[in-house]
Structure formats: structure tokens, C-alpha cells
Amino acid sequence: MNTKKILTFFAGVFTVTFVVSAIVTFFYSWIAHGTAMAEWGTAFRLAVILGFVMTWVHARDIKTGK
């Protein structure tokens, strides 16, 4: 798997995770606390972690032929 495909996969996972977790924290804050505010730090942290882990697993699966 070449570098361009790996970076593209990481960017896709990062973007989807960041957007979804920002929306989820926004609605959680709105419903539970009454303040409509997204937690950007949490969304970014989760997106970076899942981006690295999912990219590593995907590259490993392709390398082993699964």
C-alpha cells in the first residue's frame, strides 16, 4: 500500500470521526446540560486516535491479504 493511499484513508477516517464526534458532543451538551456547545478537543483527540488505529489495521489487513 503506497503512502498516498494511506494518507487518503487516514484523512477520510479523521474527517468522518471528527464531524460525528463534534455533532454527538454538541447534542449531548445541549440535551444534558442545556448549553449547545461542541467539545472540539475531545472530537480532535478521538479523530486522531481512531485515524491512526484504523489506518494501521487497514494497512495490516491489506498486507496480510485479509
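The values are calculated or read from the model by the stated rules, or taken from the named source; none is laboratory data. Note that the structure is predicted; figures quoted are calculated from it, not measured. Note: ideal-geometry Cβ built from the backbone for every residue, glycine included; neighbour counts use all protein chains shown. Ligands, DNA and RNA are excluded from the accessible area calculation, which covers all protein heavy atoms including side chains. Shrake-Rupley method; radii C 1.70, N 1.55, O 1.52, S 1.80 Å.
The angle between the Cα long axis of helix 40-64 and the longest principal axis of the Cα atoms of the chain comes to about 20 degrees, rounded to the nearest 10.
Express the accessible area of the chain per residue in Å², computed with a 1.4 Å probe while the remaining protein chains stay in the model.
On the way: 5040 Å² over 66 residues.
With the other protein chains kept in place, the chain gives 76 Å² per residue.
In the chain, the portion of solvent-accessible area held by carbon and sulfur atoms comes to 74 percent [1.4 Å probe, whole percent, DNA, RNA and ligands not counted]. Over the chain, dividing the summed -39,500 (n - 2.57) contributions of all DSSP H runs of at least 4 residues by the number of residues returns a 222 nm mean residue ellipticity of -27500 deg cm²/dmol. Under a model in which nothing but the beta-carbon of Lys, Arg (+1) and Asp, Glu (-1) is charged, the chain shows a dipole of about 400 debye around its Cα centre. Note on residue 48 and residue 7: their simple-model spin labels are 1.9 nm apart, each label 7 Å out from Cα toward Cβ.
In the chain the Cα-Cα distances spread across 5 Å bins starting at 0 as 3, 19, 21, 17, 12, 10, 8, 5, 3, 1 percent of all pairs.
Toward the positive end of the charge dipole of the chain, with +1 on the Cβ of Lys and Arg and -1 on the Cβ of Asp and Glu, the farthest Cα among 50, 25, 64 is that of 64. The long axis of helix 3-28 is offset from the longest Cα principal axis of the chain by roughly 20 degrees.
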